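Beneath this line is the structure, given in structure tokens, with notes to follow.
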Amino acid sequence: MDDQMPMPADVDLSRASIARVYDYLLGGKEHLDVDRRAADALLNVVPEAAEIAKDNRSFLRRGVEYLVGEAGIRQIVDVGSGLPSAGNVHEVAHAVDPAVRIAYVDNDPVVLAHARALLATDERTTVVTADLRTPDSIFDQLGTHDLLDLDEPVAVLLSGVLHHLSDDDDPSAVVATVRDRLSPGSYLLLSHFLFDDESRAFALERAFLHGGLGSGRFRSWDQLRSYFDGLQLVEPGLVYANDWRPDEHTPVDGPVHTLHAAGIGRKA
Ligand SMILES: C[S@@+](CC[C@H](N)C(=O)[O-])C[C@H]1O[C@@H](n2cnc3c(N)ncnc32)[C@H](O)[C@@H]1O
């Protein structure tokens, strides 16, 4: 763990955190023994599991480039934003248009402390503490900020976060609320673990749920498709994450190709 980085006093360091495990899999520095043990439980089942995190970051970059470049989006709400890493959403967006405004949202106090430290002087970004399980609370909080105008189109990013909601959290209802709160012309970006490659998905899901993290659901194509109900899917639709508008940096047929899917939908 980098000693220079903020660590809030009320964090339970005996428990693995999704954000720090993800950081470890991405090759970052913000993780503890408990996180590495949880990551190893995943790697024992699928040795290439770290590729899912890397592929997901790659999809996120391509998706944000599309949203800001081709779709002309100027406001982004990144829910479950994670620890700062190479190619942060504001960096990708600002490389296309420096005027884009971004709200980072997460429920992990460590993520929020890092983001606040990184973005303290950037007037085009804000950091919000909120939980995706209560999506109205996200939009209500953003409504009190001057940064975003929620009557104008926004892109909501749910990248690698919705699969950390359990079935009891009712992810379908959560995403339905998000869709309802979007103004016309807005976009929803989603990436999610996929139950397609049955044996590996099943084994990996068990390692996520019982190997120290306690969350990480693999859901079917039909379940993932339903999250876009009422939205127009942007080409090429809901596909394996690496098949979403791959570029020269995207592995064509990597070892975890069938374990996660991604798409972007537009509200008419
Ligand atoms: C795997 S990381 C994804 C980071 C980033 N979105 C990306 O795609 O690279 C998942 C993030 O979602 C956050 N998260 C998990 N459950 C959440 C919830 N219920 N509400 C808000 N954030 C949540 C975690 O704290 C973590 O930072």
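The values are calculated or read from the model by the stated rules, or taken from the named source; none is laboratory data. What you see is a predicted model, and the numbers here were worked out from it, not measured in a lab. Virtual Cβ from ideal backbone geometry, glycine too; neighbours counted across all protein chains shown. Side chains are part of the model used for accessible areas, which takes the heavy atoms of the whole protein and leaves out ligands, DNA and RNA. Shrake-Rupley method; radii C 1.70, N 1.55, O 1.52, S 1.80 Å.
Below is a table of values for the structure above.
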quantity	calculated
Members of the stretch 89-117 found to be within 17 Å of LEU157 (Cα to Cα) and out of contact with any helix residue (DSSP H, G or I) (no Cβ under 8 Å at 6 or more places or on another chain), listed by number	GLU91, HIS94, ARG101, ASN107, LEU112, ALA115
Test result for ARG37, in contact (Cβ under 8 Å) with a residue 24 or more places away in the chain, in a helix (DSSP H, G or I) and loosely packed, with under 15 Cβ neighbours inside 10 Å	yes
Where a residue in the stretch 248-262 is touching a residue at least 40 places away in the same chain (Cβ under 8 Å) and under 16 Å from ALA201 (Cβ atoms) and its partner, wherever it lies, is outside any strand (DSSP E or B) and of a type in the set (Lys, Arg), with Cβ under 7 Å and at least six apart	LEU259/ARG200
One residue from ALA16, ALA41 being in contact with a helix residue (DSSP H, G or I) (Cβ under 8 Å, 6 or more places away or on another chain) and either of a type in the set (Lys, Arg) or closer than 26 Å to ALA113 by Cβ (or both)	ALA16
Lone qualifier among SER220, SER226 - being within 19 Å of PRO135 (Cα to Cα), out of contact with any His (no Cβ under 8 Å at 6 or more places or on another chain) and of a type in the set (Gly, Ala, Ser)	SER226
Residue satisfying all of: in the stretch 142-161; touching a residue at least 24 places away in the same chain (Cβ under 8 Å) and among the charged types (D, E, K, R); least open to solvent (accessible area, probe 1.4 Å) among these	ASP149
Failed condition for ASP180, given (1) closer than 24 Å to ARG266 by Cβ; (2) at pLDDT below 95	(2)
Test: residue in the stretch 12-20 that is of a type in the set (Lys, Arg), surrounded by fewer than 17 Cβ atoms within 10 Å (Cβ to Cβ) and assigned to a helix (DSSP H, G or I)	no
Single residue of the stretch 131-160 satisfying the filter (of a type in the set (Asp, Glu) and either part of a helix (DSSP H, G or I) or under 20 Å from the mean Cα position of the chain (by Cα) (or both)) that is farthest from the ligand (Cβ to nearest atom)	ASP140
The stretch 89-106, residues that are within 9 Å of the ligand (Cβ to nearest atom) and either closer than 18 Å to ALA262 by Cβ or touching a strand residue (DSSP E or B) at 6+ places or on another chain (Cβ under 7 Å) (or both)	VAL89, VAL105
Matching residues, the stretch 59-88, being assigned to a helix (DSSP H, G or I) and within 10 Å of the ligand (Cβ to nearest atom)	PHE59, LEU60, ARG61, GLY63
Complete set of residues in the stretch 108-130 that are touching a Ser or Thr at 6+ places or on another chain (Cβ under 7 Å) and either of a type in the set (D, E, K, R) or modelled with pLDDT of 95 or more (or both)	ASP108, ALA130
Selection count, the stretch 74-98, where residues are polar (S, T, N, Q), at pLDDT 95 or above and touching a Leu at 6+ places or on another chain (Cβ under 7 Å)	1
The stretch 95-124 residues that are open to solvent by 50 Å² or more (accessible area, probe 1.4 Å), paired with ones that are in a strand (DSSP E or B) (beta carbon under 6 Å, 6 or more apart)	ARG101/GLN75; ARG116/VAL127; ARG124/ARG101
